[in-house]
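The values are calculated or read from the model by the stated rules, or taken from the named source; none is laboratory data. Nothing here was measured: the structure is a model prediction, and the numbers come from that model. Ideal geometry is used to build each Cβ from the backbone, glycine not excepted, and the neighbour counts take in all protein chains shown. Heads up: the accessible areas ignore ligands, DNA and RNA and are worked out on the full protein's heavy atoms, side chains in. Shrake-Rupley method; radii C 1.70, N 1.55, O 1.52, S 1.80 Å.
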Amino acid sequence: VPPPPAVRPPASAATNSSAEAARARALLEGRPVETTPAPTASRSDEGRFIVQVGAFSDEAKVREIKQKLESVGLKTYTQVVQTSAGRATRVRVGPFANRADADRAAERVKGANLPAAIMSM
């Protein structure tokens, strides 16, 4: 009697899970992650969004980035994470109740010549 055939998820599910795994790995390592809209019709722009500016191991750089952001009127917060390269501090702006507010904040971050990655929480 032959063994039952293996059940595999659809290719789109495998692609989504590998993309999610890559995104999660980047977040854990403190690297900026660009978010893209979910490819579903039920996607909502409401929720909780933040703008990640970067992750730094140098505390002086963290203070410099926070000061630069706060000087243009943005509320910042930090999150310390342990990465394979050691301890890093994420500098973030937000949170925001909707994507439009996060987009506006990201434009202000970019206007301060800093990178901005919008993430949903």
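One table, with the values for the structure above:
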{"quantity": "Backbone N within the stretch 48-82 under 13 Å of label point (7 Å from Ala97 Cα along the Cβ vector)", "calculated": "48-49"}
{"quantity": "Residue-span extension gain [Ala60 to Ala85] - 0.36 nm each, minus C-alpha spacing", "calculated": "7.2 nm"}
{"quantity": "Solvent-accessible heavy-atom area per residue, rounded to whole Å², over the stretch 49-120 at 1.4 Å", "calculated": "51"}
{"quantity": "Apportionment of accessible area to carbon and sulfur, the stretch 49-120, percent (1.4 Å)", "calculated": "48"}
{"quantity": "Accessible area in the full protein assembly, largest first, 1.4 Å probe, for Val51, Val80", "calculated": "Val80, Val51"}
